[in-house]
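Trainee: Below is a structure I'd like to ask you about.
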Amino acid sequence: MENNSPIDELVKKARTAQEKIAHYTQEQIDEVCKAVAWQVYKDENIQKLAKLAVEETGMGKYEDKLTKHKNKILGIIVDALAAKTVGLIERDEVKGISKYAKPVGVVGALTPVTNPTATPASNAVAILKGRNAVIFAPHPRAIKSAALVVAMMREGLNTVGAPEDLIQFVAEPSVDATGELMKKVDLILATGGAPMVKAAYSSGKPAYGVGPGNSCQIIAEDADVNDAAEKITVSKTFDNATSCSSENSIIIHQKIYDGMIQAFKNRGGYLCSAEEKNRLKEYMWKPNKHGQLALNAGIVAKSAGEIAAGAHINVPENTRMLLVEGDMPLEDDPFAEEKLSPVLTVYRYDTFEEGVALLVRLTDNCGTGHSCGIHTFNEEYIEYLGQHMRTSRIVVRQPQAAANGGAFFNGMPSTVTLGCGTWGNNITTENISFKHFINVTWLSQPIPINRPSDDSVWGDYFGKYGR
């Protein structure tokens, strides 16, 4: 008698469901995507999701989670509906190439505790767009949130007559269960910390993962101080910095340094003294079970006031963000790393070359390949970063937490999963979207022979070096 594990049962049901939609038309699958997206976009549902996510995990802010659902789901469904993912999706008559989209099958999606409802909601729409099924593996501290968001999305599937088992979740998550899931699905999407991503890449199955985030911005001498301070404050404090794209450090030109600090203070920023910074450091980093200094999980996605109180720092009641001045060498200062909290490290620089050198050191210290940004109107500065930075995303005069994953004020693809390329040990630098959940068949037809002559290819070389 066959003795299937709970994971086997989930995968079996997912495969049965996926087979039923494998030949859906573009119109049919778009209707499925709309139905699911609506369930995690409409107000009465996302109010329940946001409330439960904060209550269950103790992370983030209710109002910001509402905004996150609205912005992410709308952005992703708009991008998805504009694309073809069924049948013939591209034809090049000159080269005789036609491309046909096919499903990848069953996707195993690992989701983080910091974003337990918006991440699966967003990823489900992108995955379904390719006519696939998905099984979510939630963090053990976010099981109730996963159950609720999956139940809502299954209701959407039922509304349009699609199989409910296209969307499922692991009800009793564990390291072993997640490991088993990764070995039995067709593709893995790992959104979360480095150990999770490493496990996905080691599973033997194709995987999309993310690299560590340590978003940094240069504030150049020509920046609009108030505009930059407003955007950075909004970005850094949004959902208590649960996003890996929230600015961790900024590098301010010394000419405008004092003005920037004051602009932050005007918006609820509090600059810690050297002694307060030491207390904050002792509270934010604690020895882990291996005896190594690690970020205190108790501060992740907490408010600035809660973190200050834990570090015994008295701050004004309206404090939204804690500022600390970075120490050198930055490689020895944990404040130069990703903090997942409304704590912003500030540095000053004199020349643009010095500022870029700091930016490179900060990203290479933690976060190579992820993202950076600049507040400037100097096109030479912008072009230099574009040419030289080893990051997958560079945003100009934008709030980084919103901009990196796509927003209605820029043209980045909407996503909650950011590839970081080989710099971050990832397979792609792209924002992971619907196009990453299709297989593409290339069909080649014969074309007139167009073989170039040797001279047309190597003529200039022959002229310089001979044959």
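The values are calculated or read from the model by the stated rules, or taken from the named source; none is laboratory data. In this text, all values refer to a predicted model and were calculated from it rather than measured experimentally. Neighbour counts run over all protein chains shown; Cβ positions are idealised from the backbone, glycine included. Surface areas here come from the heavy atoms of the whole protein model, side chains and all, with no ligands, DNA or RNA. Shrake-Rupley method; radii C 1.70, N 1.55, O 1.52, S 1.80 Å.
Trainee: Please list log₁₀ I(q)/I(0) at q = 0.20, 0.21, 0.23, 0.24 Å⁻¹ for segment 325-391, using the Debye equation with identical point scatterers on the alpha-carbon positions.
Mentor: Result of the Debye calculation: -0.88, -0.96, -1.13, -1.21.
Trainee: Using the Cα atoms as the points, what is the convex hull volume per residue of segment 271-326 in Å³? Don't skip to the end; give the middle numbers.
Mentor: Values: hull volume 4.6 nm³, N = 56.
Expressed per residue, the convex hull around the Cα atoms of segment 271-326 is 82 Å³.
Trainee: Here is a further query. Might you report the magnitude of the Cβ-based charge dipole of the chain about its Cα centre, with Lys and Arg at +1 and Asp and Glu at -1, to the nearest 20 debye?
Mentor: It comes to approximately 1220 debye.
Trainee: Further question: Using just the helices of the chain, give the 222 nm mean residue ellipticity in deg cm²/dmol: DSSP H runs with n ≥ 4 each add -39,500 (n - 2.57), and the total is spread over all residues, rounded to 500.
Mentor: Details: 16 runs with 191 residues, N = 467.
Calculated from helices alone, the mean residue ellipticity at 222 nm is -12500 deg cm²/dmol.
Trainee: Counting every Cα pair in segment 1-67, what percent are over 15 Å apart? Let's see the in-between values first.
Mentor: Values: 1539 of 2211 pairs.
The proportion of pairs with Cα distances above 15 Å equals 70 percent.
Trainee: Here's a follow-up. Taking all protein chains in place and a 1.4 Å probe, what share, in percent, of the accessible surface of segment 211-272 do carbon and sulfur account for?
Mentor: Working: 830 of 1780 Å².
The nonpolar share, carbon plus sulfur, comes to 46 percent.
Trainee: Further question on the same structure: Ignoring ligands and nucleic acids, what accessible area does Tyr41 show with a 1.4 Å probe (Å², nearest 10)?
Mentor: It works out to around 60 Å².
Trainee: Mind running the shape call on segment 373-467? Use the C-alpha gyration tensor, a ≥ b ≥ c as the square roots of the eigenvalues: rounded below 1.5 for a/c, prolate if a/b tops b/c, oblate otherwise.
Mentor: Working: a/c = 2.91, a/b = 1.54, b/c = 1.88.
Taking the square roots of the gyration eigenvalues as a ≥ b ≥ c, segment 373-467 is oblate.
Trainee: Could you work out how far the C-alpha centroid of segment 320-334 sits from that of segment 228-293, in angstrom?
Mentor: Using only Cα atoms, the two centres lie 8 Å from each other.
Trainee: With +1 on each Lys and Arg Cβ and -1 on each Asp and Glu Cβ, how big is the dipole of segment 47-199 about its Cα centre, in debye rounded to the nearest 20?
Mentor: Approximately 280 debye in magnitude.
Trainee: Sticking with this one: In whole Å and largest first, what semi-axes does the C-alpha gyration tensor of segment 201-246 yield when each eigenvalue is scaled by 5 and square-rooted? Mind dumping the intermediate values first?
Mentor: Details: eigenvalues 216, 35, 8 Å².
The answer is 33, 13, 6 Å, longest axis first.
Trainee: Counting Lys +1, Arg +1, Asp -1, Glu -1, what net charge surrounds Ala14 among other residues with beta carbon under 15 Å of its beta carbon? Show your work: numbers first, answer last.
Mentor: Details: positive: Lys12, Lys13, Arg15, Lys20, Arg131, Arg154, Lys183, Lys184, Lys205; negative: Asp8, Glu9, Glu19, Glu164, Asp165, Glu180, Asp186.
Around Ala14, the charge tally is +2.
Trainee: Using the Kirkwood radius over Cα pairs, work out the Stokes-Einstein diffusion coefficient for segment 1-155 at 37 °C and 0.692 mPa s, in µm²/s as a whole number. Spell out each step's value before the answer.
Mentor: Values: Rh = 16.6 Å.
Calculated translational D: 197 µm²/s.
Trainee: Right, another one. Around Asn45, with a cut-off of 13 angstrom between Cβ atoms, what is the net charge of the other residues, counting Lys and Arg +1 and Asp and Glu -1?
Mentor: Values: positive: Lys42, Lys48, Lys51, Lys65, Lys70, Arg154; negative: Asp43, Glu44, Glu155.
Result for the local shell: +3.
Trainee: Right, something else. Calculate, for Asp350 and Ile449, the FRET efficiency according to 1/(1 + (r/R0)^6) with r their C-beta to C-beta distance and R0 60 Å; round to the nearest 0.05.
Mentor: On the way: r = 61 Å, r/R0 = 1.01.
Efficiency for this residue pair is about 0.50.
Trainee: log₁₀ I(q)/I(0) of segment 388-428 at q = 0.19, 0.32 Å⁻¹, via Debye over equal Cα point scatterers, no solvent, to two decimals?
Mentor: -0.58, -1.14
Trainee: How many Å² of accessible area per residue for the chain, probe 1.4 Å? Present the calculation step by step, with values, prior to reporting the outcome.
Mentor: Working: 21190 Å² over 467 residues.
Result: 45 Å² of accessible area for each residue.
Trainee: Given the Cα atoms of segment 114-190, and with Rh set as the inverse mean 1/r over their pairs in the Kirkwood sense, what is Rg to Rh to two decimals?
Mentor: On the way: Rg = 12.0 Å, Rh = 12.7 Å.
Here Rg/Rh amounts to 0.94.
Trainee: Please report the orientation-averaged projected area of segment 19-58, defined via the convex hull of its C-alpha atoms, in nm². Could you put the intermediate results ahead of the total?
Mentor: Working: hull surface 15.8 nm².
Over all viewing directions, segment 19-58 projects a mean Cα-hull area of 4.0 nm².
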